[in-house]
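Below is one structure, written out as structure tokens, with a few remarks after it.
The values are calculated or read from the model by the stated rules, or taken from the named source; none is laboratory data. Only a predicted model underlies this, so the values are computations on that prediction, with no experimental measurement involved. Glycine gets a Cβ as well: all are built from the backbone with ideal geometry, and neighbour counts include every protein chain shown.
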Amino acid sequence: MCVVSMVMDHQWDEWNRRYHSPDGWITKPFLPPASVPAVPVAVPTKDEIEEFRRLLDRAREYDRKNNEPDCELEEKKQKLLDLAKQLGVDINFL
């Protein structure tokens, strides 16, 4: 089992649940002009991002010790990078 892949799935699920609503991004209570794209009001904090990095580092170490280095799927990595970009946060440690 690739733990890194599981951690990336979990983080995507968590951020998508927390910062996205069924109607779109959780935005300010006023409606911006149509020419202004909706942007998230709440974004992952610096502490949340750092916690994710630490968890991912530990998952990578576990995978190395269990002979599954670099086992994460590029599609999962890209999905998380795309979400981070939409949220305006940098997760360059993937």
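Worth a mention:
- Residue in the range 9-19 that is at pLDDT below 90, of a type in the set (Phe, Trp, Tyr), surrounded by 15 or more Cβ atoms within 10 Å (Cβ to Cβ) and touching a strand residue (DSSP E or B) at 6+ places or on another chain (Cβ under 8 Å) present: yes
- Selection status of Glu75, surrounded by 12 or more Cβ atoms within 10 Å (Cβ to Cβ) and either at pLDDT 80 or above or not in a helix (DSSP H, G or I) (or both): no
- Scanning the range 40-57 for residues that are assigned to a helix (DSSP H, G or I) and closer than 14 Å to Gln11 by Cα yields Asp47, Glu48, Ile49, Glu50, Glu51, Phe52, Arg53, Arg54, Leu55, Leu56, Asp57.
- The requirement of being of a type outside the set (Asp, Glu), over 15 Å from Gly88 (Cα atoms) and either at pLDDT 90 or above or surrounded by 12 or more Cβ atoms within 10 Å (Cβ to Cβ) (or both) is fulfilled nowhere in the range 34-44; no residue meets it.
- The range 69-94 residues that are of a type in the set (Gly, Ala, Ser), paired with ones that are not in a loop (DSSP other than H, G, I, E, B) (beta carbon under 9 Å, 6 or more apart): Ala84/Trp15; Ala84/Ile49
- Matching entry among Asp70, Asp82 (being at pLDDT below 95, acidic (Asp, Glu) and more than 14 Å from Gln11 (Cα to Cα)): Asp70
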